[in-house]
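Report on the structure given below.
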Amino acid sequence: MADQPLVRLTIEGVPVSVPQGTLVIEAAKQAGVMIPHYCYHSGLPVAGVCRMCLVEIETTPKLQIACATQAAEGMVVNVLSAQAREARQGVLEFLLINHPLDCPICDQAGECELQDYVFQEGRSRTRYTPTYAKRFNPVEDFGGDVLYVPNRCILCTRCVRFMEHVAEEPILNVSERGDRAYIGIHPDRHLDHPWAGNVVDLCPVGSLLSKDFLHKARAWELDKTPGVCTGCSQGCNVNLDTRTDVVVRVRPRANLDVNQYFMCDHGRMQYRWMNRGDRIEAPLVAHGHELAAVSWDHAFARAAEIVRGTAGRAAVLASPRASTEALFLAKRVLGRFDLTAAFRVQRVSEEAPLIGVPNLALRSERAPNVTGATLLGYTEQFEVAVKALSGSAVVLVLDDPLEGVSADLLRAAGQVIYLGTVLPDAARAAHVVLPIANVAEEDGTFVNRDQRVQRYFQAKVGPGMARPAWWVLGELLAELKLGGPFGSAAEAFAWMAAEEPRFGGLSYQLLGTRGMVLPAGRPAGVGA
Amino acid sequence: MHETTYEPVFTGDRKKQLDQLLPRFPTKRAALLPALWMVQQARGWISDHAMAEVAEVLGLTPAYVKGVVTFYTMYHQHPVGKHFVQVCTTTPCNLCGAEGVVKAFLEHTGCKELGATSPDGKYTVIEVECLGACGFPTPVMIGDDFIENVTPEGVPELLRKYQ
Amino acid sequence: MGYPHQPHLKETVVLSQYFGDAEARTYDGWVKRGGYQALEKALAMEPAQVIEIVKQSGLRGRGGAGFPAGVKWSFMPKEKKKPHYLCCNADESEPGTFKDREIMRWTPHGLIEGCAIAQYAIQAEVTYIYVRGEFTEPLRIMEGALAEAYRHGVLGPNAMGTGKRLDMYLHRGAGAYICGEETALMSSIEGRRGNPRIRPPFPAAYGVFGMPTTINNVETLASVPHIINRGGAWYKSLSLSHPKSTGTKLFSVCGNVKRPGNYEVTMGFPLGELIDELCGGVPDGRTLKACIPGGSSVPILNREESESCKLDYEGCVEQGTMLGSGGLIVFDDSADMVYQIMRLARFYAHESCAQCTQCREGTAWTVRILQRILAGQGEAKDLDLLLDLSEQMTGKTICVLSDSCAAPVVSGIKKFRGEFEAYINGTRRPRPVLVHA
């Protein structure tokens, strides 16, 4: 589009210039006008069936749909003229005649485009009175996470088009015709495509529902926080929806450079652990064989003592789910040692691509920050690092779950500092335990597989005394007089950007909510 | 509606017949309507199994095929009587007494209501929208036979030919 | 001629000359009657010359829209970069219309010849003749004629011995009125639901299988051989009223007339004469109440309008209706307009493809209101509501099916309001509907 010549047009009195070929509905967004629509979705092929986006285009006798009309030089578009409003009011009335109006028990209420537009432009009373029956079809389990409530369906066909043109597995259809039509699925098939859950987000009304989210919360009670999916190294942009400090849903957040408007079903389910109840809520320090809760000051003093009092070899066992900031700072804490830094990541053999979107898949590496860890000099030779534990003076564990690493193995090391969200049995061998926030409870960044650095934001508060790892490590560095402390994740990132050439020039402000790809050509990692 | 055992439709000559159709179109999908007609001619109706078979043969999905089948009213999604009777009752024929013809068919076939199959399994009677023979009221289709100028009085004799 | 009746002196018999003549159905019989000479003639010309002759004739689309056929052909790319297609629309389903059926039943070779000429003119390698699924007999006859045409080398790799390739296939519909809409017909040929598509792009640029395509009605294409044989000027001279309406037109007359059938008259023929003289008028003891001249999708004419209507594109517009497909539905004074309009609305509700909101919901709602009025439960405000819904259903959707539902409703209420009011105020006995839609 960038090479296309521009055309100038006027939408609701606002002049705009858009590349030739731009649809009026998109051009209107530039003019600050949201043209009501249902079937249109930027991520799907145009259908032009709901007729909701009818607008008046001067010199054209009939109203036109903004979703299928290209902007043209000199075009004058009236969205709010009486004629256009009446037409849309007509569409809304037609859409409601068979609608059950069951908003009080509908999950979509509060984020329903039918509700919104009826409120905005619809009639206050129906004329579909008094005794006509409404169309009725029973609720159907489409399989996967999806429930179909046909009575609320407005047949916009977004779901059908998604499955046909984006997932390229057409297992949904429009069945029958006229007002008997409904969304059908072949009885022998389920909506179990790895990306099928997107149909729930795409549905503008409460017709396709997530079984996982069913009756969990009202939309208006939810707070939305931008985040990055932790399910794999793709780094899909998401929103974490929380209700009173509980994450109840993860939905995709549009980013045309990463995931367009979509995320996979695996990613959608990566939130339950964010609400785990068995968290470490206070710093712990070993007294004999017992770990005892202490103040942060006490814990930092003890940890600093450990780091200062030894020398030689050291190891960091980090999780590739840790923030880039934490991964960087953890190595800095043990900067004067002969350091082995390793992580491990679950790898599955098959990727699950979303065919219709280039470079989008559920990746085989099932962690969000493998690239960040690698860039910072962590290796995937986790087993080698574990074997070398016995010769290490200090071991710092950064939220690795320590599966397969016994307490005895850890005890063979000199001293163990454990930063974690939960306390696995093996971690009880640690000398100092520092409770950290999980991804939903802190600000931070991940670097996705394409070296895009992306920020995620704090969505809820952490339990007890748990703090973000960047804060914990910053305080520890300050105690050691090596750097820090940091008042915010942004400060921690700024320090990393100053110290680490690959991140040079980047800042939270620059990254914004869409992220930036690391400049190429600079040496990767500290050790390089 | 599931059959207990399913015999594929597209074997032998029918497979050949379908293969001969394919070069008529630049896409395999375009052979869908003809393929469905072949199924209906062979089986009298189009079951979910048959839709799956057609999908397989043409490289489509069963759901897609079902979407198409349900669009076109001449494809039967359920078994129908041996003789499928369609009576045109749209306005031009209606003006000429088509509803009387429908009543006569319902009465003389033993079908209690439209769309139901008679107890002996012989007949299913439906009203159909415009058969396109408005100058010959009332046109009726019985199976593939197209019969013009049917009157209520003529129904019993007509039915004698369809036993 | 008004098959099955003898030709009337006032008819201008061109297309219908051999209706009822079984021998004309065969290849030999057709050739004996001068068949395939036009094709031979056309194949000896440049495609552009053929288009020019058709343009000159003033032939307009007989399917309903009345777009000049030659102009439509000229929209096809001149320089061929992709395959071109011709689609023959034989999905005749417009209530009141049954002319294409007779053309296919009696003069299948005439249609094949017309298709072949058009196909050559637009440089298409393939013609798909899309026949509605219910037309089992026309399908059988067309199938036989096509096989004959291939056998005799009219079609195939060396059409008429010219070395040019012409292929023609029948495609059977399966019960969907909307497939008579040109873009829906293309969807259907492609093996899809018969959904109309948004225009632009127009078929000449992006038609069936995404390739340049022309779609013409059976009657339009069947007229072409006559134009090639006798010249564009001859065809253009056939005009009784408006010079932009030329040639002959088959009118399918049905409903309350003594002699229903197809009558071929010159464009501009008076509607009143067609009913009274050619069709023998309404049944004895009855008087004419109303007419729908162009198939059920056009506004209804009352008696006075019918009597002064000239049957051509402009004459119908002058009376506030359209020539449409030439399906003339006649209502006498015994007809219950409310009931019949409900039946028409029910037809459209049944046939709506379900894409556009106004059509999917509006057609069905219209039926419900009309059925309630018929059941004696209507209210005075229902008529205004019907008019308002019809307004919402007009000019706002992908195709004109919902407009077509609105047309008889709006004109019916306007011209026969008393009949509606009689049901509403109880002066007319309720008429419950036999079967609900």
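The values are calculated or read from the model by the stated rules, or taken from the named source; none is laboratory data. No experiment lies behind these values; they were computed from the predicted model shown. Quick reminder, even Gly has a Cβ in these numbers, built from the backbone with ideal geometry, and neighbours come from all protein chains shown. Keep in mind that these areas ignore ligands, DNA and RNA; they rest on the heavy atoms of the full protein, side chains included. Shrake-Rupley method; radii C 1.70, N 1.55, O 1.52, S 1.80 Å.
So what's the projected area for chain A, the Cα convex hull averaged over all directions, in nm²? Don't skip to the end; give the middle numbers.
Details: hull surface 111.1 nm².
With the hull built on Cα positions only, its mean projection is 27.8 nm².
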Legend entry - Global geometry of the stretch A:284-517, whether rounded, prolate or oblate, following the gyration tensor of its Cα atoms and the 1.5 cut on a/c: prolate
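Taking all protein chains as present, what is the carbon and sulfur share of the accessible area of the stretch A:131-275, in % to the nearest whole number, probe 1.4 Å? All intermediate terms of the calculation are to be shown ahead of the outcome.
On the way: 2620 of 4900 Å².
Here carbon and sulfur together make up 53 percent of the probe-accessible area.
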Inset, instruction - State, in square angstrom and to the nearest 100, the accessible area buried between chains C and B, both chains counted, probe radius 1.4 Å. - result: 4100
Legend entry - Average accessible area per residue (Å²) across the protein assembly as shown - probe 1.4 Å, nucleic acids and ligands excluded: 37
Inset, instruction - Could you work out how far helix C:337-351 tilts from the main Cα principal axis of chain C, as a 0 to 90 degree angle to the nearest 10? - result: 50
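Tell me the Kirkwood hydrodynamic radius of the stretch C:335-437 in angstroms, computed as one over the mean inverse distance between distinct C-alpha pairs.
Numbers: mean 1/r = 0.0751 Å⁻¹.
Here the Kirkwood hydrodynamic radius works out to 13.3 Å.
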Inset, instruction - Please give, to one decimal in nm, the separation of the simple spin-label points placed at A:Ala301 and A:Phe457, each 7 Å out from Cα toward the Cβ. - result: 3.9
Legend entry - Order by protection proxy (mean Cβ within 10 Å, highest first), peptides C:76-87, A:154-165, C:307-318: A:154-165, C:307-318, C:76-87
Legend entry - Between the stretch C:43-79 and the stretch A:454-488, the alpha-carbon center distance in angstrom: 78
Legend entry - Centre separation in Å (Cα based) which lies between the stretch A:194-228 and the stretch B:104-147: 49
Legend entry - Per-residue mean of C-beta atoms belonging to partner chains within 10 Å, peptide A:210-216: 0
Inset, instruction - Using only the alpha-carbon atoms of the protein assembly as shown, report the extent along each of the three principal axes, biggest first, to the nearest angstrom. - result: 121, 72, 66
Legend entry - Value of [θ]222 nm, deg cm²/dmol, for chain C, DSSP H segments ≥ 4, -39500 (n - 2.57) each, nearest 500: -12000 deg cm²/dmol
Legend entry - Those lysines that a straight Cα-Cα span of less than 24 Å connects to B:Lys112, excepting residues fewer than 8 apart in one chain: B:Lys82, B:Lys103, B:Lys122, B:Lys161
Inset, instruction - Excluding residues on the same chain fewer than 8 positions from B:Lys15, give the lysines whose Cα lies under 20 Å from its Cα. - result: B:Lys28
Legend entry - Chain-alone versus full-assembly comparison, the stretch C:188-219, residues with accessible loss of at least 40 Å² (1.4 Å probe): C:Gly191, C:Arg192, C:Arg193, C:Ile198, C:Phe209
Inset, instruction - Could you pull the Cα extents of the stretch B:83-160 along its three principal axes, largest to smallest, in whole Å? - result: 33, 22, 21
Inset, instruction - Within 10 Å, count the other beta carbons around each residue, average over each peptide in B:153-161, C:149-157, and list them highest first. - result: C:149-157, B:153-161
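Using alpha-carbon pairs under 8 Å, 6+ residues apart, how would you state the relative contact order of the stretch A:131-275 in percent?
Numbers: 255 pairs, mean separation 27.2, N = 145.
Over the stretch A:131-275, the number comes to 19 percent.
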Legend entry - Inter-site label distance for A:Leu510 and A:Lys387 at 7 Å from Cα along Cβ, in nm: 4.1
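Sorted from largest to smallest, which semi-axis lengths in Å does the alpha carbon gyration tensor of the stretch A:93-170 give for its equivalent ellipsoid, taking the root of 5 times each eigenvalue? Could you put the intermediate results ahead of the total?
Details: eigenvalues 132, 46, 33 Å².
Ellipsoid half-lengths, sorted descending, are 26, 15, 13 Å.
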Inset, instruction - Work out Dmax and Rg for the stretch C:129-184 from the C-alpha atoms and quote the Rg first, both in angstrom. - result: 13.6, 38
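Checking the table A:Lys62/C:Lys414; C:Lys78/C:Lys164; C:Lys55/C:Lys244 against a 21 Å threshold on Cα-Cα, which pairs fail?
Working: A:Lys62/C:Lys414 23 Å; C:Lys78/C:Lys164 18 Å; C:Lys55/C:Lys244 11 Å.
Pairs exceeding 21 Å: A:Lys62/C:Lys414.
Please compute, for peptide A:128-141, the average count of beta-carbon atoms on other protein chains lying within 10 Å of each residue's beta-carbon. It would help to have the intermediate numbers written out before the result.
Details: counts 5, 2, 3, 3, 6, 2, 0, 2, 0, 0, 0, 0, 0, 0.
Partner Cβ neighbours, averaged per residue: 2.
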Inset, instruction - Quick one: angle between helix C:357-374 and the longest Cα principal axis of chain C, in degrees between 0 and 90, rounded to 10, please. - result: 50
Inset, instruction - For chain B, give the percent of accessible area contributed by carbon and sulfur heavy atoms, probe 1.4 Å, rounded to a whole number. - result: 50
Legend entry - Contact surface B-A: accessible area buried, both sides summed, square angstrom, 1.4 angstrom probe: 1100
Inset, instruction - Determine the calculated [θ] at 222 nm for chain A from helices alone, applying -39500 (n - 2.57) to every DSSP H run no shorter than 4 residues and normalising by the residue count; nearest 500 deg cm²/dmol. - result: -5500 deg cm²/dmol
Legend entry - Zero-based 10 Å bins, Cα pair distances in the stretch A:426-528, whole percents: 14, 39, 34, 11, 1
Inset, instruction - Mind jotting down the three principal axis lengths of the stretch A:269-332 based on Cα atoms? Whole angstrom, largest first. - result: 44, 27, 21
Legend entry - Span from the the stretch A:3-65 Cα centroid across to the the stretch B:66-81 one, whole angstrom: 39
Legend entry - Proximal lysines to A:Lys460, defined as alpha-carbon separation beneath 23 angstrom and excluding residues fewer than eight positions away on the same chain: A:Lys216, A:Lys224
Legend entry - Whole-Hz couplings from phi, Karplus 6.51/-1.76/1.60, listed for the stretch B:114-127; x for Gly and Pro: 4, x, 8, 8, 5, x, 7, x, 7, 10, 10, 10, 10, 7
Legend entry - Compactness of the stretch A:131-275, expressed as Rg and Dmax over alpha-carbon positions, Å: 15.9, 56
Legend entry - Rounded tilt (10° steps) of A:82-97 against the dominant C-alpha axis of chain A: 80
Legend entry - Cα-based Rg of chain C normalised by 2.2 N^0.38 Å, two decimals: 0.98
Inset, instruction - Would you work out what percent of the accessible area of the stretch A:1-65, with all protein chains in place, is carbon or sulfur (probe 1.4 Å)? - result: 52
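Taking a probe of 1.4 Å and counting only protein heavy atoms, give the total accessible area buried between chains C and A in Å², rounded to the nearest 100. Don't jump to the answer; show the numbers that get you there.
Details: alone 17370 and 22650 Å², together 37190 Å².
Summed over both sides, the interface buries about 2800 Å².
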Legend entry - Interface residues, the stretch B:82-129 - accessible area loss of 20 Å² or more versus chain alone, probe 1.4 Å: B:Thr90, B:Thr91, B:Pro92, B:Asn94, B:Leu95, B:Cys96, B:Glu99, B:Lys103, B:Leu114, B:Glu127, B:Glu129
Inset, instruction - Treat the stretch A:6-95 as a sphere of radius equal to its Kirkwood radius over Cα pairs and apply Stokes-Einstein at 20 °C in a medium of 1.002 mPa s; give the translational diffusion coefficient in µm²/s, rounded to a whole number. - result: 166
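With the contact rule set at Cα under 8 Å and sequence spacing of 6 or more, what percent relative contact order holds for the stretch A:284-517?
Numbers: 464 pairs, mean separation 46.4, N = 234.
Taking the mean separation of contacting Cα pairs over the length of the stretch A:284-517, I get 20 percent.
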Legend entry - Nonlocal amide H pairs with C:Arg431, under 5 Å, H built at 1.01 Å: C:Ala375, C:Gly376
Legend entry - Of B:Pro139, B:Pro34, B:Pro26, the one that fluctuates the most in a GNM where chain B has Cα springs shorter than 10 Å: B:Pro26
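More than 21 angstrom separation, counting every C-alpha pair in the stretch A:121-217; what % is that?
Here the long-distance tail beyond 21 Å is 35 percent of all Cα pairs in the stretch A:121-217.
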Inset, instruction - Please find, in a Gaussian network model of chain B (springs between Cα atoms separated by less than 10 Å), the residue of B:Gly110, B:Gly143, B:Gly59 whose mean-square fluctuation is greatest. - result: B:Gly59
Legend entry - Per-residue mean of C-beta atoms belonging to partner chains within 10 Å, peptide C:93-102: 5
Inset, instruction - Only Cα pairs under 8 Å and at least 6 apart count here; give the relative contact order of chain B as a rounded whole percent. - result: 18
